[in-house]
Protein chains: 2
Amino acid sequence: MTLALAEAARGLGRTSPNPPVGCVIVRDGEVIGRGFHPEAGEPHAEVFALREAGERARGATAYVTLEPCSHFGRTPPCADALIAAGIARVVVAAGDPDPRVNGRGLEKLRAAGIGVLTGVLEAEAVRQQAGFRSLVQRGRPQVIYKYAMTLDGKVAANGEANGPVSSPESRRRVMQWRNEADAVAVGRGTVLLDDPHLGTREVEGGRDARAVIFDPEGSIPATARALREGSVLVVRQGTHSPLLGDPRLTVVAATSLGDALVQLGQLGLATVLLEGGATLASAFFAEQLIDEVRVFVAPKLLGAGLSPLLAPVRSMHAALRLRDVTTELVGGDVLITGLLTD
Amino acid sequence: MTLALAEAARGLGRTSPNPPVGCVIVRDGEVIGRGFHPEAGEPHAEVFALREAGERARGATAYVTLEPCSHFGRTPPCADALIAAGIARVVVAAGDPDPRVNGRGLEKLRAAGIGVLTGVLEAEAVRQQAGFRSLVQRGRPQVIYKYAMTLDGKVAANGEANGPVSSPESRRRVMQWRNEADAVAVGRGTVLLDDPHLGTREVEGGRDARAVIFDPEGSIPATARALREGSVLVVRQGTHSPLLGDPRLTVVAATSLGDALVQLGQLGLATVLLEGGATLASAFFAEQLIDEVRVFVAPKLLGAGLSPLLAPVRSMHAALRLRDVTTELVGGDVLITGLLTD
C-alpha cells in the first residue's frame, strides 16, 4: 500500500475534482502492475495497473488507495474492470465518500467473490485525499495555511519588503507543495508588498498551480505577477473593477470567505495552499476555515515584526490544538505540520 | 570525558562563582575514581576523584572537564594534587580562562612529566561552563532567555491571566533548568500578572534558584511569591521604595540593564535564566544581552496575543541567526535552543 500511495502522489495537483489514487497489483510477492490517476478525464489508477499486469492479473492481489468506483462516470466502473481481469483479492486504504460509490464498489467486488480487505494505511490515504474529501463532503476545498516564521514568531519585518525567513531547502519544499496543490492563494497586501509569481520553478516536472488572489475591491495592478493565465480573482460581490474584464482571469464575486471557498470548489479546486499574508490568514482562521498548517520555524530572532495570525483575542485555554502533528528538520529550519479540523 | 561531563553536571547551579567541573580517573579501562565540584569552598572535582582512587591513582589517567587549577585559592592547586598522586596522563576538555590559571595548570602538569591532551569534547564543556566563562571573561552572568510559544508565535493571550502554553513535560524541564541556574529572572509585569514562585518543585534533590526581579521603581507588592529569602530586587538607581529595606532581599540599584548584570555577577551569579515577560526580554535583546534562547513551540494556535520579543524594528535581513541549534521533542512540544553571542 505504501507503493500504491507513492503512485497516487504522482497525480497530486492534477486530478481534481477527482481524487489522487494509486494502484499496485501483486502476484506471488512480485509487483506486476502499477498505475495512478493522472488527470480528470483520463483512466483511473486501476486501469493502468491492470493494463500493465495483462493476463497475469488473474488470481493476483490489487492494492488500491481508494475504494474502486462502481458507477459510470467519464470512464467505466473500476470494480467491473477488476472483476473482469480475474483479480482474486483487493486491499483498499480508504472508502470513497462520493455518494455514487460510498461502499457500493466494495459490495460489487464481494458479490463477485473477491476477497476485500479495507482500512490499510487508511490515515495516510485520507490525508493524501483530503482535498477530494473536503470537496465531496463539505463542498469546499481543503485549506492549508503555510508560513515561515522566526523563533520569535515573526513572519516579516513591519511594512518592509522582506528578505526570506526560511532556508533555500524550505523554500524548495514550498514549491513542491505548490506543485501538489490545485491553487495557491494570497491576499492583496502580499501582492502589493512582494508581487510573488507563486510558481513552481525548481521543481522537476512541475507545473504552476492556479493563483487565487483575494482582493475585495479588485484594486491590485493588472501587472501583478500573480495575475497570469488561469488565475482566479476573488472580489466582494457588487464590486466594480477593470480587472473583472481581464480575459486571463476567472472572477469569483463572493459574499464571504466561506462563500468564496464554495465557489472555488465549484471551479474544481480541491486543495488551496494559503500563503498569506497575515491579514487574510487571520480572517480564514477567525472563521475556522483553515484545515491544516505547515510552519517553518527558522532559528533566528527578529525582535519586532508581523505575526502569522492577528485574529480576535482568545485566552490560552481556548487555543486550538493541532492533531496529527509532524516535525522534520529542513535545511536548518524546523518544519511543524498539523491538522485543525476533523 | 562524557562521564566527567555528567559528573560536572551534578554541581550545576551550586558552584558559582566557581565552574562546574567533573573528573574521572581511569586505569586499565576501569573507572577507579569520580568526583565533581559540589560548591564554592568545597574541594575541587580532582580531589574527590583522587580520594576515591587512592593508591591506585599512580600511573592512571585523569579526565577533567576543565584545566586543573595551578593557584592557591580556597583550596590548594589541583595540578599539584594530580602530580603528587602519581597520575601519568591528564585529558582535559577545556582550558581555564581564569587569569590565575589560563594555561599554567597544563604547564605545571607537563613540567612534571605528565602527558597532557586537551580539547576533548571541548564544545560541550564550554557550553556547560558558559556561566563561569561569562563571569571571568565579561564580568557578567550568562543570560538564557527561556519561553514557550504557540505555533503562531504567541507567549500569552493579551493582558489576561494565562493558562500554560507548553506541556507538563516541558514545564518539568524548565524546573530542571531552574535547578541548574544560579538565578531565575522576571520583570514586574510577570510578577503582577502571574505572581510566580519560580521554584523547582517536582525536581528530585532540587533547590530553588535565587529569584531576580527587575522592577525599576520597586513597586511590586511585598507579598509577591518571588520575593523570598535570598531574592534580588533590581531597581533604577535613585529610586525609593519600601522594598529596599526588606531584610529578605538583596537590592541592586542599577543605571542600566548592563550595569545590573555586572552587579549580579559581583554577587557571584554566573547563570541567569530569564523567564520574561516580553517587555523585559525585549530590553535585554535590544542591548544584545541575551546569550542563549531555549524555546518550546507548542502545536496550537492562539490567533492573537503577546509576542516573545517586542524590540525595535529590524529588517528580516538583519535577523540574528542562532548558532549550535538543537531540536528535541518534549511532551508534544518542539524544544529549539541556540546561542546568540560568541
- prompt: Taking N as the number of residues in the range A:17-57, what is its Cα Rg relative to 2.2 N^0.38 Å?
  reply: 1.18
message: With 21 Å as the cut-off, how large is the P(r) tail for the range B:154-264, expressed as percent of Cα-Cα pairs?
response: 40 percent
- prompt: Rule-of-thumb check for the protein assembly as shown: C-alpha Rg over 2.2 N^0.38 Å?
  reply: 1.21
- request: Mind telling me which of A:L151, A:L106, A:L289 comes out most flexible in a GNM of chain A, alpha-carbon contacts under 10 Å?
  value: A:L151
message: Quick check on the range A:207-342: what does the Kirkwood estimate of hydrodynamic radius come out to from the alpha carbon pairs, in Å?
response: 17.0 Å
- request: Before anything else, pin down the relative contact order of the range A:283-335: Cα pairs under 8 Å, at least 6 apart, normalised by residue count, whole percent.
  value: 50 percent
Pairwise label distance in nanometres, A:R51 with B:A40, each label 7 Å out on the Cα-Cβ vector: 8.0 nm
- prompt: With labels modelled as points extended 7 Å from the Cα through the Cβ direction, what inter-label distance (nm, one decimal) is found for B:R323 paired with A:T75?
  reply: 5.7 nm
message: With just the Cα atoms defining each centre, how far is the range B:286-342 from the range A:108-182? Give it in Å.
response: 26 Å
message: If the only charges are +1 at each Lys and Arg Cβ and -1 at each Asp and Glu Cβ, what is the size of the charge dipole of the protein assembly as shown around the Cα centre, to the nearest 20 debye?
response: 100 debye
task: Provide the convex hull volume over Cα atoms per residue for the range A:1-157, in Å³.
output: 126 Å³
query: Could you put A:H317, B:H37, B:H71 in order, starting from the residue whose Cβ has the fewest other Cβ atoms within 10 Å?
result: A:H317, B:H71, B:H37
field: Separation in nanometres of the label points that stand 7 Å from Cα toward Cβ, at A:Q176 and A:Q237
entry: 4.1 nm
message: Please state the shape class of the range B:48-93: rounded when a/c is under 1.5, otherwise prolate if a/b exceeds b/c and oblate if not, all from the C-alpha gyration tensor.
response: oblate
Label spacing, shortest first and in nm, from A:R58 to its equivalents in the remaining copies (7 angstrom along Cα→Cβ): 9.0
- prompt: For A:D291, B:D333, what ranking results if the residue with the fewest other Cβ atoms within 10 Å of its Cβ goes first?
  reply: A:D291, B:D333
task: Taking DSSP loops as anything outside H, G, I, E and B, show the longest stretch in chain B free of GluC sites (Glu not before Pro) there with at most 16 other beta carbons within 10 Å.
output: B:40-159
task: Report the full-extension gain for the segment B:E30 to B:D246: residue separation times 0.36 nm, less the Cα-Cα distance, to one decimal in nm.
output: 72.4 nm
- request: Report the normalised scattering of the range A:88-238 as log10 I(q)/I(0) at q = 0.10, 0.19 Å⁻¹, calculated by the Debye formula with identical scatterers on the alpha carbons.
  value: -0.54, -1.23
task: Would you tally the net charge around A:L249, using a Cβ to Cβ cut-off of less than 13 Å, leaving A:L249 out, and scoring K and R as +1, D and E as -1?
output: 0
query: Given chain B, what whole percent of its Cα pairs are spread farther than 28 Å?
result: 46 percent
- prompt: Assigning unit charges at the beta carbon (Lys, Arg +1; Asp, Glu -1) and nothing else, what dipole magnitude in debye, to the nearest 20, does chain A show about its Cα centre?
  reply: 200 debye
task: Give the calculated FRET efficiency between B:A84 and A:L3 to the nearest 0.05, with a Förster radius of 41 Å applied to their Cβ-Cβ distance.
output: 0.05
query: Roughly how many whole Å is it from the C-alpha centroid of the range A:184-258 to that of the range B:1-74?
result: 67 Å
query: What size of dipole, in debye to the nearest 20, comes out for the range B:24-144 about its Cα centre when the only charges are +1 on Lys and Arg C-beta atoms and -1 on Asp and Glu C-beta atoms?
result: 240 debye
- request: Neighbouring Cβ atoms within 10 Å as the yardstick, rank B:K108, B:K154 fewest first.
  value: B:K108, B:K154
- prompt: Cα-based Rg of the range B:68-131 per 2.2 N^0.38 Å, rounded to two decimals?
  reply: 1.09
- line: Ranking A:V235, A:G86, A:L269 by how far each Cα lies towards the positive end of the charge dipole of chain A (+1 on Lys and Arg Cβ, -1 on Asp and Glu Cβ), the top one is A:G86
message: At 20 °C and a viscosity of 1.002 mPa s, what translational diffusion coefficient does Stokes-Einstein give for the range B:194-248, taking Rh as the Kirkwood radius over Cα pairs? Give it in µm²/s as a whole number.
response: 177 µm²/s
query: Can you give the average number of partner chain beta-carbon atoms within 10 Å of each beta-carbon in peptide A:319-332, as a whole number?
result: 4
statement: With the 8 Å Cα cutoff and a minimum separation of six or more residues, chain B has a relative contact order in percent of 16 percent
task: Pairs of Cα atoms under 8 Å, at least six residues apart: use those to get the relative contact order of the range A:13-69, whole percent.
output: 38 percent
- request: Can you figure out the FRET efficiency of A:A222 with B:V330, using R₀ = 35 Å and their beta-carbon distance, to the nearest 0.05?
  value: 0.10
query: Among the trypsin sites (Lys or Arg not before Pro) within the range A:235-342, which fall in a DSSP loop and have no more than 16 other Cβ atoms within 10 Å of their own Cβ?
result: A:R248
- line: Counting other chain Cβ atoms within 10 Å of each Cβ in B:143-152 and taking the mean gives 5
query: For B:276-288, what's the mean count of beta carbons from other chains sitting within 10 Å of each residue's beta carbon?
result: 1
Closest-to-axis residue of chain A (Cβ criterion, axis taking A to B), whole Å: A:G153, 1
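Read-outs: derived from the displayed coordinates by stated rules, not from any lab. Because the structure is a prediction, the values reported are computed rather than measured. Reconstructed Cβ throughout: ideal geometry from the backbone, glycine too, with neighbour counts over all protein chains shown.
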